[in-house]
Amino acid sequence: MQKFPMTASGLQRLEEELRRLKTEERPAVIRAIAEARSHGDLSENAEYHAARERQSFIEGRIAELEEIIASAEVIDPAQLSGDQIKFGAHVRLIDEETEREASYQIVGVHEADIKAGRLSITSPLAKALIGKRPGDVVSVPAPGGDRSYEILSVTYG
């Protein structure tokens, strides 16, 4: 089984989602199916079909989360140091064209959330940043042409 790097907080978020799906969502959808069944003819029962569809989604997500959690290799960024960018680093950048500053943490594929500042290790920007240091400039291919970013700082923990 292939292992995927993940931060402890990312693993905790996935485990919490799995717990919620198993203890809250699954029982709720089972009750909804039972309720819809009690209304009679299932062939024309939209509530029943919607509940079964929701159940299918929940069971699929549970299986997916169990597989991700089983293949997670937790890396603690607090144990890392230095000024070279690697997995788990918190990186502050400035877009050389727009002068906009941004901060990201480089995390595993299954915990990435760009709106929350968590950048997937497999993203083009993260790939360009790995191994670089503050003061370095990286160029990243983008749909509107290459973008250049200057690395302002790198921290861990």
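The values are calculated or read from the model by the stated rules, or taken from the named source; none is laboratory data. Predicted model only: the values in this text are computed from it and were never measured. All Cβ positions, glycine included, derive from the backbone under ideal geometry; neighbour counts span all protein chains shown.
For the range 88-106, give me each residue that is closer than 11 Å to residue 155 by Cα and either touching a Ser or Thr at 6+ places or on another chain (Cβ under 6 Å) or in contact (Cβ under 8 Å) with a residue 40 or more places away in the chain (or both).
88, 89, 90, 91, 92, 105, listed by residue number.
For the range 10-19, state whether one or more residues are touching a residue at least 40 places away in the same chain (Cβ under 8 Å), part of a helix (DSSP H, G or I), of a type in the set (Gly, Ala, Ser) and not assigned by TED's automatic domain parsing to the domain that holds residue 116.
Filtering the range 10-19 for residues touching a residue at least 40 places away in the same chain (Cβ under 8 Å) gives 10-11, 13-15, 17-18.
From the residues that got through so far, the ones that are part of a helix (DSSP H, G or I) too are 10-11, 13-15, 17-18.
Still in the list and also of a type in the set (Gly, Ala, Ser): 10.
Filter once more, so that each one left must be not assigned by TED's automatic domain parsing to the domain that holds residue 116: 10.
Yes, there is a match, as at least one residue in the range 10-19 is touching a residue at least 40 places away in the same chain (Cβ under 8 Å), part of a helix (DSSP H, G or I), of a type in the set (Gly, Ala, Ser) and not assigned by TED's automatic domain parsing to the domain that holds residue 116.
Restricting to the range 48-87, name every residue that is free of Cβ contacts under 8 Å to residues at least 24 places away in the same chain and among the hydrophobic types (A, V, I, L, M, F, W, C).
Within the range 48-87, 50, 51, 57, 63 meet the criteria.
Quick check on the range 88-127: of everything there that is assigned to a strand (DSSP E or B) and of a type in the set (Gly, Ala, Ser), which residue is surrounded by the most Cβ atoms within 10 Å (Cβ to Cβ)?
Initially, the range 88-127 is screened for residues assigned to a strand (DSSP E or B), giving 90-95, 101-107, 113, 118-120.
Among the residues that remain, those that are also of a type in the set (Gly, Ala, Ser) are: 102-103, 120.
On the way: 102: 15, 103: 13, 120: 19.
Filtering the range 88-127 for residues that are assigned to a strand (DSSP E or B) and of a type in the set (Gly, Ala, Ser), the one surrounded by the most Cβ atoms within 10 Å (Cβ to Cβ) comes out as 120.
Checking residue 59 against (1) surrounded by fewer than 16 Cβ atoms within 10 Å (Cβ to Cβ); (2) modelled with pLDDT of 95 or more; (3) under 18 Å from the mean Cα position of the chain (by Cα); (4) of a type outside the set (A, V, I, L, M, F, W, C), which single condition isn't satisfied?
So residue 59 meets the others, but not (3).
Are there any pairs, at least 6 apart or on different chains, whose C-beta atoms fall under 8 Å, with the first in the range 23-40 and at negative phi and the second charged (D, E, K, R), and if so, which?
Going by the 8 Å Cβ cut-off, the qualifying pairs are 26/59; 29/54; 32/47; 32/54; 33/52; 35/47; 36/47; 39/47.
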